[in-house]
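The values are calculated or read from the model by the stated rules, or taken from the named source; none is laboratory data. Note that the structure is a prediction, hence the values are computed from the model and not measured. Methodologically, a virtual Cβ is constructed for each residue, glycine included, from the backbone with ideal geometry; neighbour enumeration extends over all protein chains shown.
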Amino acid sequence: MTPGAVRERLAGFAAAGLPVLPAPASDRVREREAWERVASSLEDFSRARSTLYYRRCEIALIQRWLGPLAGRRILKLDLWNEAYNTRILHWMAAQGAAVVALDGSGVVTARAQESSRQAGIEPGLLRADIRDLPFADGAFDLAYTMGTIEHIAEHRQALRELQRVLRPGGRAIVGVPHRWNLFLRPLLVAGLSALDAYPYAPERSFGARELRRDLTGAGFRVLDRGGLLIAPGPLRMLDVLFHLRDSAAERLTAALVVPFEALETRWRWAGRFGYLLAMQVEKAG
């Protein structure tokens, strides 16, 4: 099946523009409103040196675990990368994949649509909740979620939904903050959250055993474990800050990123100690 034919098949998944979400419970309304405020306050940092490093790590992981993407139907959870960060979905689309992606934030979805238009990419983007995916069972060949499910209390429900919409034998990459990150980023996040200075709160972290348990409980078979971004969390945050401020100090943080990227590029195992814990999984059946 050609990418064009796959896109045509996926066209019915979402209406044009931003589909209206089903009426959520009051806590979901508050949650969505909080994320809308955060999204409205952020600027694009896709060209920061540490973001380019992050993007290269994502590409290497996808190539290793998902293989050739041409003609494959891929679901991506959340659109923050396309609105502000690594633009990894654009890379997937450029490989010939038929990509559908969603986010619960209207601000993020609109910005992701604009960045996609500017890049000449036309993936299927819609506004929806990862706990209630608006797709038929077995609709996708592959799925990708990196740094998403840790922000909701019902992450197990999101994993079950992800498993449901994959075809039997379909594979996915699931990534979350690593509790035992080499530079203990979860402690940094906890401290900043306590000071109300971490924009992505709430954000939980996972150990490998916990993530494997939740994935298995959702009906996945875990095939491999890895990770990415071994650079210290404070370095990443400073690099983004200096980039957004157009500060001369960005040259220093960019230079400090280089040895971590070189280490992670040369030795795959190094990523296992990174900020993000990732697992390759397959839907049984």
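Just one of the numbered conditions (1) closer than 19 Å to Val222 by Cβ; (2) without any contact (Cβ under 8 Å) to a residue 40 or more places away in the chain is not true of Gln118; which one?
Answer for Gln118: the failing condition is (1).
Just checking, does segment 125-137 include any residue being farther than 24 Å from Val107 by Cβ and either modelled with pLDDT under 95 or surrounded by 22 or more Cβ atoms within 10 Å (Cβ to Cβ) (or both)?
no
I'd like the residue in segment 249-285 that is of a type in the set (A, V, I, L, M, F, W, C) and within 12 Å of Tyr53 (Cα to Cα) and, out of all such residues, is surrounded by the most Cβ atoms within 10 Å (Cβ to Cβ).
Residue satisfying both the conditions and the ranking: Val257.
Mind checking which residues of segment 231-259 are touching a residue at least 40 places away in the same chain (Cβ under 8 Å), assigned to a loop (DSSP other than H, G, I, E, B) and of a type in the set (Lys, Arg)?
The answer is none; no residue qualifies.
Out of curiosity, is Ala262 over 24 Å from Met92 (Cα atoms), in a helix (DSSP H, G or I) and not acidic (Asp, Glu)?
no
Go through (1) of a type in the set (A, V, I, L, M); (2) within 20 Å of Ala93 (Cβ to Cβ); (3) crowded, with 20+ Cβ neighbours inside 10 Å one by one and return the number of the condition Ala158 breaks.
All conditions pass for Ala158, except number (2).
Which of the residues spanning segment 142-197 are under 23 Å from Arg87 (Cβ atoms) and either among the polar types (S, T, N, Q) or without any contact (Cβ under 8 Å) to a residue 40 or more places away in the chain (or both)?
Thr145, Thr148
For segment 52-90, give me each residue that is part of a loop (DSSP other than H, G, I, E, B) and closer than 23 Å to Trp35 by Cα.
Hits for segment 52-90 are Asp78, Leu79, Asn85, Thr86, Arg87.
Restricting attention to segment 134-164, which residues are touching a Leu at 6+ places or on another chain (Cβ under 8 Å), under 26 Å from Cys57 (Cβ atoms) and not acidic (Asp, Glu)?
Scanning segment 134-164 gives Phe140, Leu142, Ala143, Tyr144, Thr145, Met146, Gly147, Thr148, Ile149, Ala158, Leu159, Leu162.
Please work out if Asp246 is of a type outside the set (A, V, I, L, M, F, W, C) and either touching an Asp or Glu at 6+ places or on another chain (Cβ under 7 Å) or surrounded by 16 or more Cβ atoms within 10 Å (Cβ to Cβ) (or both).
Criteria not met by Asp246.
For the subset of segment 176-230 comprising residues that are part of a strand (DSSP E or B) and among the hydrophobic types (A, V, I, L, M, F, W, C), which member is surrounded by the fewest Cβ atoms within 10 Å (Cβ to Cβ)?
Leu223
Of the residues Arg156, Arg160, Arg167, only one is of a type outside the set (Phe, Trp, Tyr), in a strand (DSSP E or B) and within 16 Å of Ala218 (Cβ to Cβ); which?
Result of the check over Arg156, Arg160, Arg167: Arg167.
Please enumerate the residues belonging to segment 101-147 that are of a type in the set (D, E, K, R) and either in a loop (DSSP other than H, G, I, E, B) or under 19 Å from Arg167 (Cα atoms) (or both).
The answer is Glu122, Asp129, Arg131, Asp132, Asp137, Asp141.
Which one of the conditions (1) more than 22 Å from Val257 (Cβ to Cβ); (2) within 20 Å of the chain's Cα centre (by Cα); (3) charged (D, E, K, R) does Asp196 fail to meet, given that it meets all the rest?
Failed condition: (2).
Out of Ala39, Ala34, Ala93, report the one residue that is among the hydrophobic types (A, V, I, L, M, F, W, C) and either in a loop (DSSP other than H, G, I, E, B) or under 23 Å from Leu159 (Cα atoms) (or both).
Ala34
Out of (1) within 27 Å of Leu211 (Cα to Cα); (2) surrounded by fewer than 20 Cβ atoms within 10 Å (Cβ to Cβ), what's the single condition that is false for Gly71?
Going through the list (1) within 27 Å of Leu211 (Cα to Cα); (2) surrounded by fewer than 20 Cβ atoms within 10 Å (Cβ to Cβ), Gly71 breaks only (1).
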